[in-house]
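A.B. asks: Okay, here's the structure, questions in a sec.
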Amino acid sequence: MRSILIVRAGAVGDAVLTLPLLETFVGAEPARIGVLGAPSSWAFLAPGRIELLDIAGREWLGLFADGTSLAPNAQAAARGFDTAIVLLGKERERVERALRTLGIAALAAATPATKDEVASESAPVENLTEWHWPPGPAHAASRLLCSLRHLEGGDTQSAWPATQRTLEESPHLRIERAEVERVFHDLDLAPISPPGILAIHPGSGGAAKRWPAVRFVELALAAEKRCGGAPIFIAGAADAEVWRQVRTALPRGYRPRVLLDRPIREVLALLSLARAYVGNDSGITHLAARACPTLALFGPTDPAVWHPVGRRVATLRASRGRLENLPLETVLEGLSRLLD
């Protein structure tokens with residue numbers, strides 16, 4: 001393959017779970033890699049290595065609508081790739097046909113996992129489960145790797161690297177010193193004691209996937225006393241209501257450190273400094289797992305399918321899929337085990 005186009009819609013978590021597939025090309029990397037997706041979902045990537053094309057742009061409408069042609073600039077862009085991997089659900093076959101008509105020589109495809117899928121062997125409820133490398137066959141990232149079967153010589157078993165790449169080892173994620181220094185300065189991290197940073201993200205894409213905000217506050221205060229680490233909250237533009245709930249639950253006079261509504265590369269830089277991270281089933285949690293030990297809290301979604309992928313990842317799943325049922329002490333115990 002001289003050039004490859006990955007067609008992958010979805011949010012940040014979907015993009016992060018596509019990284020293992022992209023990393024199979026590291027070492028024998030094509031001259032050009034493009035991703036047709038939502039550029040904001042891929043903004044965590046190190047700049048300059050992957051070309052991002054906006055799947056929501058009108059020029060690409062012809063991939064999805066019958067009787068509509070791709071705009072000339074989209075046709076020219078697509079014809080610049082000799083291989084395409086289409087990672088879509090119900091639109092997959094339509095997009096494959098459209099790309100074939102443009103003369104792309106090699107096509108591969110896989111249907112991503114859906115949020116309501118349950119693995120045959122799911123994580124036990126309210127028991128800490130550590131997930132090891134590589135992910136099992138039911139995992140969402142493994143599902144995407146199955147697309148390699150359609151390429152000549154593709155082998156999903158040997159595609160997984162021997163070990164999970166660290167942040168420094170992944171050319172797609174590598175953080176520059178200037179990015180770390182910016183976060184270090186903005187959050188005034190110099191006085192932080194040796195136990196280090198506990199990164200906390202209380203948000204997620206849906207209310208049912210969120211541990212109550214007041215519990216995250218209790219976790220931050222208790223962990224600071226027990227472990228000595230400095231809790232730093234992460235809140236993006238989509239977390240405005242959750243962050244309001246966190247502020248309301250904070251003790252009077254307590255001034256939290258927070259990385260508030262900052263670019264996702266700054267979030268990744270903070271995570272690279274963290275001793276550990278705790279968050280819900282969210283895109284930031286998937287990103288955190290690539291940077292530091294991660295404890296992910298699950299409610300209605302199945303961690304066997306959706307657990308973050310990283311060197312040190314553990315999950316807790318709430319009973320009956322309701323995160324309000326997950327006790328603070330259970331999370332504190334899980335965090336302590338993760339830090340051992």
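A.B. asks: When residues of the range 170-201 are filtered for being among the small types (Gly, Ala, Ser) and either in contact (Cβ under 8 Å) with a residue 40 or more places away in the chain or closer than 30 Å to THR24 by Cα (or both), how many remain?
C.D. replies: Residues that pass the stated criteria total 4.
A.B. asks: A further question follows. Listed residues VAL246, VAL309, VAL305, VAL267; which is in a loop (DSSP other than H, G, I, E, B), in contact (Cβ under 8 Å) with a residue 12 or more places away in the chain and among the aliphatic types (A, V, I, L, M)?
C.D. replies: Testing whether each residue is in a loop (DSSP other than H, G, I, E, B), in contact (Cβ under 8 Å) with a residue 12 or more places away in the chain and among the aliphatic types (A, V, I, L, M) leaves just VAL309.
A.B. asks: While we're here: Which of the residues belonging to the range 158-181 are part of a loop (DSSP other than H, G, I, E, B) and not hydrophobic (A, V, I, L, M, F, W, C)?
C.D. replies: PRO161, THR163, GLN164, ARG165, THR166, GLU168, GLU169, SER170, PRO171, HIS172, ARG174, GLU176
A.B. asks: Here's a follow-up. Among the residues that make up the range 184-199, is at least one of them surrounded by 13 or more Cβ atoms within 10 Å (Cβ to Cβ), assigned to a loop (DSSP other than H, G, I, E, B), at pLDDT 90 or above and out of contact with any strand residue (DSSP E or B) (no Cβ under 6 Å at 6 or more places or on another chain)?
C.D. replies: no
A.B. asks: Taking the stated definitions as given, is PRO308 more than 13 Å from the chain's Cα centre (by Cα) and under 18 Å from GLY13 (Cβ atoms)?
C.D. replies: It is false that PRO308 is more than 13 Å from the chain's Cα centre (by Cα) and under 18 Å from GLY13 (Cβ atoms).
A.B. asks: Related question: Determine whether ARG100 is touching a residue at least 12 places away in the same chain (Cβ under 8 Å) and more than 22 Å from VAL305 (Cβ to Cβ).
C.D. replies: Criteria not met by ARG100.
A.B. asks: Here are the criteria: (1) part of a loop (DSSP other than H, G, I, E, B); (2) in contact with a Gly (Cβ under 8 Å, 6 or more places away or on another chain). Tell me which single one ALA113 does not satisfy.
C.D. replies: Only one criterion is unmet by ALA113, namely (2).
A.B. asks: Scan (1) within 22 Å of the chain's Cα centre (by Cα); (2) in a helix (DSSP H, G or I) for the single condition LEU52 breaks and write down its number.
C.D. replies: Status for LEU52: all satisfied but (2).
The values are calculated or read from the model by the stated rules, or taken from the named source; none is laboratory data. All of these numbers come straight from a predicted model, not from anything done at the bench. Here the Cβ is made from the backbone with ideal geometry for all residues, glycine too, and neighbour counts use every protein chain on show.
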